[in-house]
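Participant: Here it is, the structure, as structure tokens.
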Amino acid sequence: MNYRELLKDKKRIVVKIGSSSITYEETGHLNYNKLERLVRILCDIKNSGKEVILVSSGAIAVGRQAVGIDHKTDILAEKQACAAIGQGRLMMTYQKLFGEYNQLTAQVLLTKYTMADNESLYNARNTFKELLRMGAIPVVNENDTVSTYEIEFGDNDKLSALVASAIGADLLILLSDIDGLYTADPHMDKSAKLIDVVDEITPEIEALAGDSMSQVGTGGMSAKLHAAKIATASGADMVIANSADIDVVERIVAGCNEGTLFIAHKDENFDIMDYLD
């Protein structure tokens, strides 16, 4: 079976992009060229008749740059203040770019409590459903301004997988700073080979996960594999691909052989609550 060909028929697609993919490593400033291309591609996918949800990191990174903080911080109040400043700037940028293509968009900020509380989860699902019915592209991020260590998702890889499961998406695309899952760490082993398709996430596959090389983002390969477990169990295929060439999103949706594809194996007993810890 050509699993890649089946990606052409996906109707509800979640795309996650990380902080390191939308900012310049040297300066921390937003990469407007990449953002504009991403927005154009998402609008084109939407215009083809599919539903699109964007999960975008970057609020803290943008806020840090705005106030002149040139390092990552573990101070909760500082991170939350930077998020408060940066989220508005980030969303304003997305609104302007989507507006260039006459595309309606909406900001959705979530905390783990949204997923952990049945009533909040029900309301979130209804909000997403209504936004998609209205033709909007939701732009989702964790509500870092109010999240604490007890209620934060930890990274937007996990958040995007939970969003995909909550709204019944059939494809999740994780854009990263690496081409996909390799047989070994490609930074250390030149003979490492990219794995094209993962049919099942076995302990052997999990053992291949390494740490993130990014100084901006928070999600390493282990976080992406955890996201893959959530997405595939909920019934969504997932692809990890390199955001260096943002056009990769278009090629994945067109069924091209890009990144690592994790095949969905829907668990009929799937419960989102089981994946929140």
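Participant: Looking only at residues that are charged (D, E, K, R) and touching a residue at least 24 places away in the same chain (Cβ under 8 Å) in region 1-15, which one is nearest to I53 (Cα to Cα)?
Facilitator: The extreme case among them is R12.
Participant: Where residues in region 143-162 are within 20 Å of I17 (Cα to Cα), out of contact with any strand residue (DSSP E or B) (no Cβ under 6 Å at 6 or more places or on another chain) and open to solvent by 10 Å² or more (accessible area, probe 1.4 Å), which of them is modelled with the lowest pLDDT?
Facilitator: The extreme case among them is E152.
Participant: Moving on. Restricting the first residue to region 251-262 and requiring it to be in a loop (DSSP other than H, G, I, E, B), which pairs with a second residue that is basic (K, R) meet a Cβ separation below 7 Å and a spacing of at least six or different chains?
Facilitator: From residues that are in a loop (DSSP other than H, G, I, E, B), the pairs are A254/K8; G255/R4; G255/K8; C256/R4; N257/R4; E258/R251.
Participant: Find the residue count for region 74-103, including only residues that are touching a helix residue (DSSP H, G or I) at 6+ places or on another chain (Cβ under 6 Å) and either among the hydroxyl-bearing types (S, T, Y) or open to solvent by less than 60 Å² (accessible area, probe 1.4 Å) (or both). Step through it out loud before you land on a result.
Facilitator: First pass over region 74-103, keeping only residues touching a helix residue (DSSP H, G or I) at 6+ places or on another chain (Cβ under 6 Å): 79, 82-83, 85-87, 89-90, 97-98, 101, 103.
Now narrow it down to the ones that are either among the hydroxyl-bearing types (S, T, Y) or open to solvent by less than 60 Å² (accessible area, probe 1.4 Å) (or both): 79, 82-83, 86-87, 90, 97-98, 101, 103.
Going through region 74-103 one residue at a time, the tally reaches 10.
Participant: Does K229 fit the bill of being open to solvent by 10 Å² or more (accessible area, probe 1.4 Å), in contact (Cβ under 8 Å) with a residue 40 or more places away in the chain, more than 16 Å from R37 (Cβ to Cβ) and among the basic types (K, R)? So that I can check it myself, show each step before the final result.
Facilitator: Working: open to solvent by 10 Å² or more (accessible area, probe 1.4 Å): yes; in contact (Cβ under 8 Å) with a residue 40 or more places away in the chain: yes; more than 16 Å from R37 (Cβ to Cβ): yes; among the basic types (K, R): yes.
The answer is yes for K229.
Participant: I'd like to know if region 111-118 contains one or more residues that are open to solvent by 60 Å² or more (accessible area, probe 1.4 Å), more than 27 Å from V248 (Cα to Cα) and among the aromatic types (F, W, Y). If you could, list the steps in order and put the result at the bottom.
Facilitator: So in region 111-118, the residues open to solvent by 60 Å² or more (accessible area, probe 1.4 Å) come out as 113, 118.
Right, trim to more than 27 Å from V248 (Cα to Cα) and you get 113, 118.
Imposing the further condition that a residue be among the aromatic types (F, W, Y) reduces the set to 113.
Yes, region 111-118 contains at least one residue that is open to solvent by 60 Å² or more (accessible area, probe 1.4 Å), more than 27 Å from V248 (Cα to Cα) and among the aromatic types (F, W, Y).
Participant: Residue by residue through region 1-43, note down the ones that are open to solvent by 80 Å² or more (accessible area, probe 1.4 Å) and touching an Asp or Glu at 6+ places or on another chain (Cβ under 7 Å).
Facilitator: K11, the sole residue that qualifies.
Participant: Moving to a separate point now. With small (G, A, S) and closer than 19 Å to V253 by Cβ as the only criterion, which of S56, S19 stands out? Give the derivation first.
Facilitator: On the way: S19 fails: closer than 19 Å to V253 by Cβ.
So the residue among S56, S19 that is small (G, A, S) and closer than 19 Å to V253 by Cβ is S56.
The values are calculated or read from the model by the stated rules, or taken from the named source; none is laboratory data. Note that the structure is a prediction, hence the values are computed from the model and not measured. A quick note on method: Cβ atoms are made from the backbone with ideal geometry, for glycine too, and the neighbour counts reach across all protein chains shown. Quick note on the areas: whole protein, heavy atoms, side chains included, nothing else; ligands and nucleic acids left out. Shrake-Rupley method; radii C 1.70, N 1.55, O 1.52, S 1.80 Å.
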